[in-house]
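Notes follow the structure.
The values are calculated or read from the model by the stated rules, or taken from the named source; none is laboratory data. Note that this is a predicted model, so its numbers are computed, not measured. When we count neighbours, we look across all protein chains shown, and the Cβ atoms used for this are built from the backbone with ideal geometry, even at glycine.
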Amino acid sequence: MFEQYFPIFVLVTVVTIMALGMLVLSHLLGRKKGTKRKLMPYECGIEPEEDARQRFPVKFYLVALMFIVFDIEVVFLYPWAVIYKQLALFGLIEMGIFILILMVGYVYILKKGALKWE
Amino acid sequence: MNTLFYSLVLLAGILLVVAYLTWLERKFAGRMQSRIGPQRVGKPWGLLQPIADGAKLLVKEDIIPQATDKTAYNLAPIVVILATTLVFVTIPLGKSVVLVDLNVGVLFILAISSLALIGIFMAGWGSANKYAILSAMRGVNQLISYEIPLVLACLVPVILAGSMKLSSIVLAQSKVWFIFYPFLGQIAFLIFLVSALAEANRIPFDITEAESELIAGYTVEYSGMKFAFLWLAEYIHLLAVSLVGSILFLGGWNGPWLPSGLWLALKTLLLFLLILWIRWSLVRIRLDQILALSWKVLFPLSLATLILAGGWSFIF
């Protein structure tokens, strides 16, 4: 059963070896002369102030939350699509109801203003 | 043994093709702006330019800035290139020219190609640079927003063909290509193209790179071969997008007279040139506009297209 996935592991191995090999090769070939300024974070020549990792607006996380909800629901549509022709009318109505429920959630986040970024 | 040989050829082929796609882009960009483009290295049309670039990047100094998170920083280029290359496992490059024709092909491609976003975030976070982190945050937001319309647009061919296997999808298009289904095909293809452009961080959605405000985004702190990997991965992604687009909507290798592989290559090239054309004619849009386009326009539209596809498949 898992035999059909074997080539994926072969390609993973090949690509990883290639990538690692080229990185090591470039590390060996390239000159190594790090000065203090060269090893500073690049901010257009201005001395960096404070830590780069600072707090971010919550809007970014809100998008991630919405993504998780909707993406999981969308993945449910894939098995449905594959056997759609066998399900016929039942499948169409069933999925109509599913998408309707999805839209209720969508309208809710729209009304709550989660999609306002201005 | 056969698998190993095919994998090696595939990898070498991808790298070679992608190298020349970068050449094509530079040449194309030059012509669009009334320049000649690369022409010095390699006598006719600067054909050796990508090889010279590769050699140059290979011997460049590998700078690892002090503040970086070493693990994430060093691992990111490998993750990105792995995620973008792995997609080609199940993409057929012609009639029965494929490593493994998975029965969950479309799902596999969508799942693996979105892993690149983890690499992008690792690169941005690991760099410990304000520009890089801003770019990574924007990138993640944009990529996950366009994931949903993309997945829904790819569902339309799956419904019409009744299979997630790419070869079956091509077979289902042997009479009519999916893009020629009235309304349904064109809208689905448009949604696919727009979301694919956003997933590939191309103009008009290249807010993650935004040279004029974020310098180069998450690649700021990278140099030498690691930079080359991040940069190559973008073009590998574009190649995959063009290939998948022509398989899902443009009939794959179906076409009269010419051999199957050539048809697929022609369609892929056409789609790639279209993406280049878009890049060099449009401007960049703001992040809130990008997100609004995805959540307020493409998401409802793609759900409507899905219901339309269901109805079509039910009636005919």
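So which residues in the stretch A:6-44 are more than 7 Å from chain B (Cβ to nearest Cβ), under 22 Å from B:Leu10 (Cβ atoms) and of a type in the set (S, T, N, Q)?
A:Thr13 - this is the single residue of the stretch A:6-44 that is more than 7 Å from chain B (Cβ to nearest Cβ), under 22 Å from B:Leu10 (Cβ atoms) and of a type in the set (S, T, N, Q).
Tally up the residues in the stretch B:107-131 that are more than 17 Å from B:Glu221 (Cα to Cα) and of a type outside the set (S, T, N, Q), please.
Summing the residues that are more than 17 Å from B:Glu221 (Cα to Cα) and of a type outside the set (S, T, N, Q) in the stretch B:107-131 gives 10.
So, in the stretch B:101-113, of the ones that are under 14 Å from the mean Cα position of the chain (by Cα) and in contact (Cβ under 8 Å) with a residue 40 or more places away in the chain, which residue ends up surrounded by the fewest Cβ atoms within 10 Å (Cβ to Cβ)?
B:Leu110
Condition first: surrounded by 15 or more Cβ atoms within 10 Å (Cβ to Cβ), of a type in the set (S, T, N, Q) and touching a residue at least 12 places away in the same chain (Cβ under 8 Å). Now tell me which residues in the stretch B:21-55 satisfy that.
Result: B:Thr22, B:Gln49.
Can you tell me which residues in the stretch B:210-230 are surrounded by fewer than 23 Cβ atoms within 10 Å (Cβ to Cβ), touching a Gly at 6+ places or on another chain (Cβ under 9 Å) and more than 11 Å from every other protein chain (Cβ to nearest Cβ)?
Across the stretch B:210-230, the qualifying residues are B:Ala210, B:Glu211, B:Leu230.
Checking the condition more than 7 Å from chain B (Cβ to nearest Cβ), acidic (Asp, Glu) and farther than 27 Å from B:Val104 by Cβ, which residue from A:Glu50, A:Glu73 passes?
A:Glu50
Among what's in the stretch B:114-142 and is farther than 23 Å from A:Tyr5 by Cβ and under 16 Å from the mean Cα position of the chain (by Cα), pick the residue that is surrounded by the fewest Cβ atoms within 10 Å (Cβ to Cβ).
B:Val140
Mind checking which helices (runs of 4 or more DSSP H) fall wholly inside the stretch A:15-118 and carry at least 1 residues that are surrounded by 10 or more Cβ atoms within 10 Å (Cβ to Cβ), in contact with a Gly (Cβ under 9 Å, 6 or more places away or on another chain) and of a type in the set (A, V, I, L, M, F, W, C)?
Of the helices (runs of 4 or more DSSP H) lying wholly inside the stretch A:15-118, those with at least 1 residues that are surrounded by 10 or more Cβ atoms within 10 Å (Cβ to Cβ), in contact with a Gly (Cβ under 9 Å, 6 or more places away or on another chain) and of a type in the set (A, V, I, L, M, F, W, C) span A:58-82, A:89-112.
Residue-by-condition table, conditions (1) more than 9 Å from chain A (Cβ to nearest Cβ); (2) among the polar types (S, T, N, Q); (3) in contact (Cβ under 8 Å) with a residue 40 or more places away in the chain:
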site	(1), (2), (3)
B:Leu115	yes, no, no
B:Gly124	yes, no, yes
B:Ala128	no, no, yes
B:Ile159	no, no, yes
B:Phe180	yes, no, no
B:Glu199	yes, no, yes
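Working only within the stretch B:255-291, note down all residues that are hydroxyl-bearing (Ser, Thr, Tyr) and within 18 Å of the chain's Cα centre (by Cα).
If the condition is that a residue be hydroxyl-bearing (Ser, Thr, Tyr) and within 18 Å of the chain's Cα centre (by Cα), then B:Thr268 is the only one that fits.
Of the conditions (1) in a helix (DSSP H, G or I); (2) crowded, with 21+ Cβ neighbours inside 10 Å; (3) among the hydrophobic types (A, V, I, L, M, F, W, C); (4) within 10 Å of another protein chain (Cβ to nearest Cβ), B:Ile169 fails just one. Which one is it?
Single failed check for B:Ile169: (4).
Within the stretch B:289-302, can one find any residue that is farther than 17 Å from B:Ala188 by Cβ and more than 10 Å from every other protein chain (Cβ to nearest Cβ)?
Within the stretch B:289-302, none of the residues are farther than 17 Å from B:Ala188 by Cβ and more than 10 Å from every other protein chain (Cβ to nearest Cβ).
I'm trying to understand the selection: among the residues of the stretch B:246-264, which are of a type in the set (Gly, Ala, Ser), surrounded by fewer than 24 Cβ atoms within 10 Å (Cβ to Cβ) and either without any contact (Cβ under 8 Å) to a residue 60 or more places away in the chain or not assigned by TED's automatic domain parsing to the domain that holds B:Phe180 (or both)?
B:Gly255
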